[in-house]
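Peer 1: Let me give you the structure first, and then I'll get to my questions.
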Amino acid sequence: MKFHPAGHKIIRNTFILVIAFNLIGWLFVSHSFFSGLISLATLVVLVLVLQFFRYPDRKVAVNPKNIISPADGKVCVIEETEEKLYLKRKCLKVSIFMSPLNVHINWVPVPGKVTFSMHKEGEFYAAFKDKSADENERYCTAFQLADGREIMANQVAGAMARRILNFLKKDQQVTQDMEMGFIRFGSRVDLYLPLDTKLNVKLGDKVTGSQTIIGELS
């Protein structure tokens, strides 16, 4: 199993802590039941950390007319709303909620040019709540398509996710087989799409990052 570079330091530190707690348990805890309990608990933590930072090998079918899912998870919001930060117009919003068990890599949803990139500080409400889209800490990225239209993808922090990584820079040319970023420990990604986008998903659908086609551009 491969692990994402965003997790290498955390994985290393987790291994060190697991070894340290087990040494303390077996050397200084006289009762074998409690030392065994420490070993079991640290093993569970290690497995959870390793699965969280797993790095799947995925082949991306590049198609400029398709909007690919930027994340693994479940579609939790589909609605018409106004994007007020940058696009400043009515959009079709599609939100994907990522649980701690999902792969947390975020992919570029459409090919084009990065026209807007901004980290916005905020709160840490549970990512599945509606107010998290406007009030939570987030990283906002807009992409300009070849025909001049723009879409936006917001990486939103959650109650557990306190660190958003974004790998893109303003004016950078991107393709759909590139990574947009990584969010640690549960969160969501909000897509703001043109109103005439033909959606291929519905509320409650499970989607796979870089694989599922969220919708088709007109």
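Here's the yes/no breakdown for (1) farther than 25 Å from residue 184 by Cα; (2) touching a Phe, Trp or Tyr at 6+ places or on another chain (Cβ under 8 Å); (3) touching a residue at least 60 places away in the same chain (Cβ under 8 Å):
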{"position": "14", "(1), (2), (3)": "no, no, no"}
{"position": "24", "(1), (2), (3)": "yes, no, no"}
{"position": "42", "(1), (2), (3)": "no, yes, no"}
{"position": "60", "(1), (2), (3)": "no, yes, yes"}
{"position": "63", "(1), (2), (3)": "yes, no, yes"}
{"position": "68", "(1), (2), (3)": "no, yes, yes"}
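Peer 1: What are the residues in region 89-112 that are modelled with pLDDT under 95 and in contact with a Cys (Cβ under 7 Å, 6 or more places away or on another chain), if any?
Peer 2: 97, the sole residue that qualifies.
Peer 1: If I filter region 81-90 for residues that are more than 16 Å from residue 183 (Cβ to Cβ) and in contact with a Ser or Thr (Cβ under 9 Å, 6 or more places away or on another chain), do I get at least one hit?
Peer 2: Taking region 81-90 first, the residues more than 16 Å from residue 183 (Cβ to Cβ) are 81-90.
Among the residues that remain, those that are also in contact with a Ser or Thr (Cβ under 9 Å, 6 or more places away or on another chain) are: 86, 90.
Among the residues of region 81-90, at least one is more than 16 Å from residue 183 (Cβ to Cβ) and in contact with a Ser or Thr (Cβ under 9 Å, 6 or more places away or on another chain), which makes the answer yes.
Peer 1: Which of the residues belonging to region 172-218 are without any contact (Cβ under 8 Å) to a residue 60 or more places away in the chain and not in a strand (DSSP E or B)?
Peer 2: Within region 172-218, 172, 196, 200, 218 qualify.
Peer 1: Still on this model: Suppose we filter region 29-74 for residues that are basic (Lys, Arg) and assigned to a loop (DSSP other than H, G, I, E, B); how many remain?
Peer 2: Counting residues in region 29-74 that are basic (Lys, Arg) and assigned to a loop (DSSP other than H, G, I, E, B) gives 3.
This table checks each residue for (1) touching an Asp or Glu at 6+ places or on another chain (Cβ under 9 Å); (2) crowded, with 22+ Cβ neighbours inside 10 Å; (3) on the phi > 0 side of the Ramachandran plot; (4) at pLDDT 85 or above.
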| residue | (1), (2), (3), (4) |
| --- | --- |
| 163 | no, no, no, no |
| 175 | no, no, no, yes |
| 178 | no, no, no, yes |
| 184 | no, no, no, no |
| 188 | no, yes, no, yes |
| 191 | no, yes, no, yes |
| 197 | yes, no, no, yes |
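Peer 1: Can you name the residue in region 86-103 that is assigned to a loop (DSSP other than H, G, I, E, B) and under 20 Å from the mean Cα position of the chain (by Cα) and, of all such residues, is surrounded by the fewest Cβ atoms within 10 Å (Cβ to Cβ)?
Peer 2: Ranking the qualifying residues of region 86-103, first place goes to 101.
Peer 1: If you go through region 113-142 one residue at a time, how many are modelled with pLDDT of 95 or more and either over 22 Å from residue 90 (Cα atoms) or crowded, with 23+ Cβ neighbours inside 10 Å (or both)?
Peer 2: Of the residues in that region, 1 qualify.
The values are calculated or read from the model by the stated rules, or taken from the named source; none is laboratory data. Computed from a prediction, not measured in an experiment: that's the story for all the values here. Glycine gets a Cβ as well: all are built from the backbone with ideal geometry, and neighbour counts include every protein chain shown.
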